[in-house]
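Chemist: For reference, the structure I am asking about is given below.
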Amino acid sequence: MKQKNAALVCFSGGQDSTTCLFWAKKHFARVEAVCFTYGQKHSLEIKIARKIADKAQVSFHLLDVSLLGQLAPNSLTDASIPIDTEKPEESYPNTFVPGRNMVFLTFAAVMARNKGIFHLVTGVSEADYSGYSDCRDTFIRSLNVTLNLAMDEQFVIHTPLMNWDKKAVWQLSDELGAFDLVRNQTLTCYNGIPADGCGACPACKLRQEGLESYLQTKNS
């Protein structure tokens, strides 16, 4: 049976997906979260995601797509590859996992269809990202059409953060009443350190710059 006011969130326990989880709770009567193991080096990510989902009182699902991490070398799944501290010129950073968002959203759609859920939520953004091709709005729109054709359904992929920088994401989490949780309990760091993280990897730098900018505006 189709549930018109339900959503499934692609959830990692990081800043963006946690903000999207609470955005979904505001906009949908029923929300569930799906997390993925794809060979990532830090299993703590899964534990944190599950813990946050429990606090948000949403059902948590874990899917194993670990083959993804074996198909292409990247620094998030291979401990022997040091994480790029800066984006290389004319190429993707080595934190790019080819096809990751496509795989996540495809599996999420299959799970959602079985549950009668046709709203999918993901935290991708093309305004403040590392140059990943699968974070672009054009990709999401294309995949949305493909999923609808493939399963003869009418899915809607929601991307609340698509045009927002990290400053705006912090503001949204504050407006949703989740600022403290996002700041102190999420895991965004590429080196697997919760909250403020290592402070040195690209994800931590982006997160911290956005936080400082938001706090300056809020406190001014």
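The values are calculated or read from the model by the stated rules, or taken from the named source; none is laboratory data. This one's a predicted model, so the numbers in the text were calculated from it and none came from an experiment. All Cβ positions, even for glycine, are placed from backbone atoms using ideal geometry, and neighbour counts span all protein chains on display. Side chains are part of the model used for accessible areas, which takes the heavy atoms of the whole protein and leaves out ligands, DNA and RNA. Shrake-Rupley method; radii C 1.70, N 1.55, O 1.52, S 1.80 Å.
Chemist: What dipole magnitude, in Debye to the nearest 20, does the chain give about its Cα centre under +1 on Lys/Arg Cβ and -1 on Asp/Glu Cβ?
Modeler: My answer is approximately 840 debye.
Chemist: If you don't mind, there's one more thing I want to ask. Lys47 to Gln154: FRET efficiency via 1/(1 + (r/R0)^6), r the Cβ-Cβ distance, R0 30 Å, to the nearest 0.05?
Modeler: 0.30
Chemist: Next question, about the same structure. How much net charge surrounds Glu32 when only other residues with a Cβ under 14 Å from its Cβ are counted (Lys, Arg +1; Asp, Glu -1)?
Modeler: With Lys, Arg at +1 and Asp, Glu at -1, the neighbours total +4.
Chemist: Hey, can you grab everything whose amide H is under 5 Å from the amide H of His158? Only 5+ residues off in sequence or another chain; H modelled, so Pro and N-termini drop out.
Modeler: Amide H neighbours of His158, under 5 Å, 5+ apart: Leu120, Val121, Thr122.
Chemist: Okay, moving on. Calculate the spin-label point distance for Thr85 paired with Gln70, positioning each point 7 Å from the Cα along the beta-carbon direction, and give it in nanometres.
Modeler: Distance between label points: 3.4 nm.
Chemist: If contacts are Cα pairs under 8 angstrom and at least 6 residues apart, what is the relative contact order of region 24-99 in percent?
Modeler: Relative contact order comes out at 29 percent.
Chemist: Another one. Sort all Cα-Cα distances of region 132-183 into consecutive 10 angstrom bins from zero, then give the percent of pairs in each bin up to the one containing the longest distance.
Modeler: With 10 Å bins starting at 0, P(r) equals 22, 35, 28, 15, 0.
Chemist: Could you tell me which residue out of Ser91, Val31, Pro73 lies farthest along the dipole of region 1-96 toward its positive end? Charges go on the beta carbon: Lys and Arg +1, Asp and Glu -1, centred on the Cα centre.
Modeler: Val31
Chemist: A further question on this structure: How large is the Kirkwood hydrodynamic radius of region 151-220, counting all unique pairs of alpha carbons, in Å?
Modeler: 13.3
Chemist: When the Karplus curve 6.51 cos²θ - 1.76 cosθ + 1.60 is applied with θ = phi - 60°, which whole-Hz ³J(HN,Hα) does each residue of region 201-208 get, with x for Gly and Pro?
Modeler: 6, x, 5, 5, 4, 4, 4, 5
Chemist: Determine the gain in length on full extension of the stretch Lys26-Glu175; use 0.36 nm per residue of separation and subtract their C-alpha separation, reporting nm with one decimal.
Modeler: Length gained, Lys26 through Glu175: 52.6 nm.
Chemist: Over the chain, what relative contact order in percent results from Cα pairs under 8 Å that are six or more residues apart?
Modeler: 23
Chemist: Per-residue HN-Hα couplings for region 176-187, Karplus 6.51 cos²θ - 1.76 cosθ + 1.60 at θ = phi - 60°, whole Hz, x for Gly and Pro?
Modeler: Taking θ as phi minus 60°, the curve returns 7, x, 10, 4, 5, 5, 4, 5, 9, 10, 8, 10 Hz for region 176-187.
Chemist: While we're looking at this one, here's another question. When the chain is modelled as a GNM with alpha-carbon springs shorter than 10 Å, which of Gly192, Gly13, Gly177 fluctuates the most?
Modeler: So, out of Gly192, Gly13, Gly177, the one fluctuating most is Gly177.
Chemist: How long is the chain along each principal axis, judged by its Cα atoms, biggest number first, in Å?
Modeler: 47, 43, 31
Chemist: Rank Lys55, Lys47, Lys166 by mean-square fluctuation in a GNM of the chain with C-alpha springs under 10 angstrom and give only the top-ranked residue.
Modeler: Judging by the Gaussian network model, the answer is Lys55.
Chemist: Another question, then. Taking 0.36 nm per intervening residue step and subtracting the Cα-Cα distance, what contour gain separates Ser213 from Thr138 on full extension?
Modeler: 24.2 nm
Chemist: Which ³J(HN,Hα) values, rounded to whole Hz and listed in residue order, are derived for region 7-24 from phi using the Karplus coefficients 6.51, -1.76 and 1.60 in 6.51 cos²θ - 1.76 cosθ + 1.60 with θ = phi - 60°, glycine and proline given as x?
Modeler: Using θ = phi - 60°, the values come out as 9, 10, 9, 6, 10, 10, x, x, 4, 5, 5, 5, 4, 5, 4, 6, 5, 5 Hz.
Chemist: Another question, if that's okay. In square angstrom, what is the accessible area per residue of region 1-150 with a 1.4 angstrom probe?
Modeler: In whole numbers, region 1-150 has 49 Å² accessible per residue.
Chemist: Something else: Once amide H atoms are built 1.01 Å from N in the peptide plane, which residues 5 or more positions from His61, or in another chain, come under 5 Å H to H?
Modeler: Placed amide hydrogens put Ala33, Val34, Cys35 under 5 Å from His61.
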